[in-house]
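Contents: one structure, followed by commentary.
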Amino acid sequence: MPPSDTITVAIIDDNRLVREALTAMLNKLPDMRVVASAVADATFMAETKPHVLLLDVGLRDQDSLRVAATLKQENPGAKIIVMDLLPVNEEIMEFVNAGVSGFVLKDVTFDDFVATIRSVAAGKKVLPPRMTESLFAQIAREADGQERAHVLEDTRMTRR
């Protein structure tokens, strides 16, 4: 059993090399421990109760969105990070609506990857800058043609 201040991580990815590499790299960190990894089966969630689940968006023979939604339904406190190379804007919105806590691009540095895990484990929502820009562009396209008050509400930003 990892110490209570250790972030426990589970991985769902159908690429064995990715699972094993992530496990080896994360387990070298003093504050993280991979407690489970699987191709697509998430039955380990109830038993291991990881702080963060890393979910590959491109699972073969699986619908990652369905997996994320099911995991959130069965484990409402689960914090899920979706991993992808080039996510589609519509997919981002669907995953957010399914309850995903963060996204990480597979071409980030290891330091950025770890920072995303730590942030999500701490309760933050994470969307990489490149994805934020394209998501705002999509919101603007969808808002085109709507009433001004509705557009302002949909695109309202906080001071931060």
Placing one equal point scatterer on each C-alpha of segment 29-68 and summing with Debye, one gets log10 I(q)/I(0) at q = 0.17, 0.22 Å⁻¹ equal to -0.49, -0.77
What residues qualify as long-range amide H neighbours of ILE7, i.e. H under 5 Å apart, gap of 5 or more or another chain, H built at 1.01 Å from N? MET32, ARG33
Report the calculated FRET efficiency for GLU47 and ALA21 (r = Cβ-Cβ distance, R0 = 22 Å), to the nearest 0.05. 0.40
Amide H neighbours of LEU53 at under 5 Å, excluding residues fewer than 5 places away on the same chain, with H built from the backbone geometry, are ALA10, LYS79, ILE80, ILE81
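Find, to one decimal place in angstroms, the Kirkwood hydrodynamic radius of segment 86-129, where the mean of 1/r is taken over every pair of different Cα atoms and then inverted. Kindly include the intermediate steps, with their values, before the conclusion.
Values: mean 1/r = 0.0915 Å⁻¹.
Kirkwood hydrodynamic radius for segment 86-129: 10.9 Å.
Over the Cα atoms of segment 1-117, what is the Rg over Rh ratio if Rh follows Kirkwood? Before the final figure, lay out each step's value.
On the way: Rg = 13.2 Å, Rh = 14.2 Å.
Using only Cα positions, Rg/Rh for segment 1-117 is 0.93.
Each value in this text was obtained by applying a stated rule to the coordinates, not by laboratory testing. Remember, it's a predicted structure, so these values are computed and weren't measured experimentally. Every residue, glycine as well, gets a Cβ built from its backbone with ideal geometry; the counts of neighbours run over all protein chains shown.
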